[in-house]
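Only one structure is covered here, and it is reproduced in the block below.
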Amino acid sequence: MAYIFNLNTMHAPKAKLQYHIGDEFFQSKDYSLVKGGDVDVSITINKVGNAYGVRLHLDGKVFASCDRCADDLDVEVHSDNEVSVRLGTAEQVDEDVVCVDERDGELDLEPLMYDYVILSMPARCVHGEGQCNPDMQAQLDQYLVNTDEDL
Ligand SMILES: [Zn+2]
């Protein structure tokens with residue numbers, strides 16, 4: 001639980017956090033599209049009244065599998081997002097707002113970082129034209145030819 005920020009002990013109106021997430025972060029997920037990574041995350045938390053604006057800025061790359069040849073592929077990730085957070089009780093559910101239990105005030109940043117890394121990846125991750133694993137590409141080409149013949 002290294003990515004917990006306690007809102008109840010936040011006394012200044014603004015807090016800045018800096019994390020680096022690497023292979024362990026992604027490999028700790030049971031089912032992850034991402035096999036590893038090297039991402040810098042800057043988080044700024046602004047307290048406005050009883051709410052908090054949490055801005056996440058991501059910069060780096062993750063290691064995934066190519067959707068075409070299944071070889072390793074580096075995918076650059078860059079994103080800048082803001083989420084609203086407020087303290088409340090678990091019964092209060094709002095889709096646009098992350099609700100943190102007011103009794104402990106613990107905001108878990110880990111799922112936010114993970115979600116925004118995944119969201120910043122393209123829907124289809126493939127190597128550039130001609131960059132795929134040549135053996136796999138040859139098999140794919142052959143498969144495509146066979147498929148055409150079946151039609
Ligand atoms: Zn590929």
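The values are calculated or read from the model by the stated rules, or taken from the named source; none is laboratory data. For clarity, every value in this text was computed on a predicted model and none was experimentally measured. Positions of Cβ are generated from backbone atoms using ideal geometry, with glycine treated the same way; all protein chains shown enter the neighbour counts.
Report yes if residue 100 is in contact with a strand residue (DSSP E or B) (Cβ under 8 Å, 6 or more places away or on another chain), under 26 Å from residue 79 (Cβ atoms) and within 11 Å of the ligand (Cβ to nearest atom), otherwise no.
Working: in contact with a strand residue (DSSP E or B) (Cβ under 8 Å, 6 or more places away or on another chain): yes; under 26 Å from residue 79 (Cβ atoms): yes; within 11 Å of the ligand (Cβ to nearest atom): no.
Against the criterion (in contact with a strand residue (DSSP E or B) (Cβ under 8 Å, 6 or more places away or on another chain), under 26 Å from residue 79 (Cβ atoms) and within 11 Å of the ligand (Cβ to nearest atom)), residue 100 does not qualify.
Of (1) in contact with a Gly (Cβ under 6 Å, 6 or more places away or on another chain); (2) in a strand (DSSP E or B), residue 60 satisfies all except one. Which?
Residue 60 satisfies all of (1) in contact with a Gly (Cβ under 6 Å, 6 or more places away or on another chain); (2) in a strand (DSSP E or B) except (1).
Hey, does region 138-145 have a residue that's in a strand (DSSP E or B) and at pLDDT below 90?
Quick first cut of region 138-145, residues in a strand (DSSP E or B) only: none.
The answer is no, given that none of the residues of region 138-145 is in a strand (DSSP E or B) and at pLDDT below 90.
Are any of the residues in region 49-70 free of Cβ contacts under 8 Å to residues at least 12 places away in the same chain and either touching a strand residue (DSSP E or B) at 6+ places or on another chain (Cβ under 6 Å) or surrounded by fewer than 19 Cβ atoms within 10 Å (Cβ to Cβ) (or both)?
yes
For a quick check of your reading: which strands (runs of 3 or more DSSP E) sit entirely within region 71-123 and have at least 2 residues that are free of Cβ contacts under 8 Å to residues at least 60 places away in the same chain and of a type in the set (S, T, N, Q)?
72-88
Looking at this structure, is residue 45 in a strand (DSSP E or B) and closer than 30 Å to residue 14 by Cα?
Yes; evaluated as a whole, the condition is true for this residue.
Among the residues of region 85-97, is any crowded, with 16+ Cβ neighbours inside 10 Å and under 16 Å from the mean Cα position of the chain (by Cα)?
There is no residue in region 85-97 that is crowded, with 16+ Cβ neighbours inside 10 Å and under 16 Å from the mean Cα position of the chain (by Cα).
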